[in-house]
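To start, the structure under review is shown below, and the notes come after it.
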Amino acid sequence: MDWLLSPQEPYKKLAEIEFFVPGSPRPQLRAGRRAMVNKNTGKMSVHTFPQEKNVASMEDIRFAWKDRLREDTRELPSLPYAGPIRLRVRFSFSPTKTSTWPGKVMSKKPDVDNLLKMLEDALNNYAWVDDSQIVGVIAEKGYSDTPGTLCVMEMWEDVAKPIKRKSRIS
């Protein structure tokens, strides 16, 4: 299987930033909803609002990101980055009584995609302009003595030339 961002492809990695968010990773929760009735008109409307836990988790992720950037003395592309991005992420949870050793994979909730969504949404307009720029993800979850999220963000430059296709119309 060929990977899209393999070294053979015409892409150039500009930079790589690794950062760690301490604490047990939290998944993205669905937005809360509340039905409201307008007293004047009697019409019902539904309002959505972010979960407080989501807001707190996003702030933790952003704090770790900003803290890492303060430590980094390298010259980096301007942030939030606007090009293609690949993520490598490890979500680590404290071992439970049934999972006796660190390093064991975790095959129960929370789902990896919900954990990723929290990370992706939290870093919109901080690390990248929009999470639609993420072109590849390698993610895993497991148990560790140090719970948290280890993320490696690879910033790529697209140096490929447009492909000219021959028209099939005669």
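If packing is taken as the average number of other Cβ atoms within 10 Å across a peptide's residues, how do 79-87, 147-155 rank, most packed first?
Details: 79-87: 18.0, 147-155: 19.8.
Ranking, from highest mean packing down: 147-155, 79-87.
Starting from the Cα-Cα distance between Lys108 and Val135, subtract it from 0.36 nm times their residue separation and give me the gain in nm to one decimal.
Between Lys108 and Val135, full extension yields 7.1 nm more.
Apply 1/(1 + (r/R0)^6) to the Cβ-Cβ distance of Thr146 and Thr96, taking R0 = 22 Å, and write down the FRET efficiency to the nearest 0.05.
After rounding, the FRET efficiency stands at 0.90.
Read-outs: derived from the displayed coordinates by stated rules, not from any lab. Bear in mind that the values here come from a model prediction, so they are computed numbers and not experimental data. Neighbour counts run over all protein chains shown; Cβ positions are idealised from the backbone, glycine included.
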